[in-house]
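Chemist: The structure that follows is given in the form of structure tokens.
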Amino acid sequence: AYMHQIMGLSVLEKQLKETLQLDNIIIVPGNSDEQERVKQEMGKACATFLRENIEEAGTIAVTGGTTIAAVAEMMTPFDKASCLFVPARGGIGEKEENQANTIAAKMARQAKGDYRLLYVPDPLSESSYRTMIEEPAVIDILQIIQGSDIVLHGIGDAITMAKRRKTSNEIIGKLQQEEAVSEAFGYYFNDAGEVVHKVKTIGLHLDDLTGSSHSVITVAGGRSKARAITSYLKQGRSDLLITDEAAAETILRDN
Ligand code: BG6
């Protein structure tokens, strides 16, 4: 049964690579919507990938969310180097345990690396944004974030994320009207992968990802995120997707 499952997943991986037009996909068995253990398995797959593939010291920028928190949980020191962990962006309305800062610090602890944090008021007004980006300490950490070697991020269902972040009814209305279906690091996307809204904060911008200077690792699973994953990957760049069986099957069924 075990071999059957492994072979089944590799067929699924092959099909999903074609559908999503991605070169690298890892699928873990199960549905993380239903079993917390499956989220931990995705976290473990990501931690193992990093442990085995990081060749030299570098910088890893991370987003928040429970999935990336599960990666932090499963992280162990890398085989060949230790890294610097930074949040990809400033606060975007998450609870403390789901914040990128918290996760970056935790990853550093688990992987025996270093971390630098980014303190930005959350939410950030237009005028404080302009003031903050002039601060030398902020400029310093922003350079590190923008120069990161790896970006590790989650994907969420748009409305689920907006509600979790206590987004105003006005913005939720806008997201519904614009038919937002996915969210990643504070950007909201429609089915075509177009940005329909973004949370004002500092750090990595979506455009920063399209260049080839960072490797992008995406971790997202669960049947409920199938549409969100497809939407984000329409235009968002990813070098490796780590997902679960339920999301993979649903994406293949619907596309
Ligand atoms: C957020 C990330 O914190 O977590 C997003 O910035 C992502 O990129 C979201 O959409 C996913 O959260 P979770 O809890 O479903 O992993």
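The values are calculated or read from the model by the stated rules, or taken from the named source; none is laboratory data. The structure displayed is predicted, hence computed values, not measured ones. Positions of Cβ are backbone-derived with ideal geometry, glycine not excepted, and every protein chain shown enters the neighbour counts. Protein only, heavy atoms only, side chains kept; ligands, DNA and RNA dropped before computing areas. Shrake-Rupley method; radii C 1.70, N 1.55, O 1.52, S 1.80 Å.
Chemist: Accessible area per residue of the chain at 1.4 Å probe, in Å²?
Modeler: Value returned for the chain: 48 Å² of accessible area per residue.
Chemist: By accessible area of protein heavy atoms, probe 1.4 Å, what ranking do Glu96, Glu56 get, highest first?
Modeler: Sorted descending by solvent-accessible area, the residues read Glu56, Glu96.
Chemist: With a 1.4 Å probe and every protein chain left in place, tell me how much accessible area Leu84 has, in Å² to the nearest 10.
Modeler: Leu84 exposes around 40 Å² with every protein chain in place.
Chemist: Rounded to the nearest 0.05, what FRET efficiency do Asp79 and Leu117 give with R0 = 25 Å and r taken as the Cβ-Cβ distance? Could you check?
Modeler: Rounded to the nearest 0.05, the efficiency is 0.45.
Chemist: Sticking with this one: Need the C-alpha centroid separation for segment 45-104 versus segment 221-241, integer Å.
Modeler: Segment 45-104 and segment 221-241 have Cα centres spaced 19 Å from each other.
Chemist: Determine how large the accessible area of Lys234 is when every protein chain is in place; take a 1.4 Å probe and give Å² rounded to the nearest 10.
Modeler: 120 Å²
Chemist: Kindly report, to the nearest 10 Å², the accessible surface of Met74 as traced by a 1.4 Å probe over protein heavy atoms only.
Modeler: Rounded to the nearest 10, that gives 60 Å².
Chemist: Right, another one. Could you order Ser224, Ser238 so the one with the most accessible surface comes first? Probe is 1.4 Å.
Modeler: Descending accessible area places them as Ser224, Ser238.
Chemist: Taking the dipole about the Cα centre of segment 1-95, with the C-beta of Lys and Arg at +1 and of Asp and Glu at -1, give me whichever of Asn24, Leu12, Gly64 is farthest to the positive side.
Modeler: Gly64
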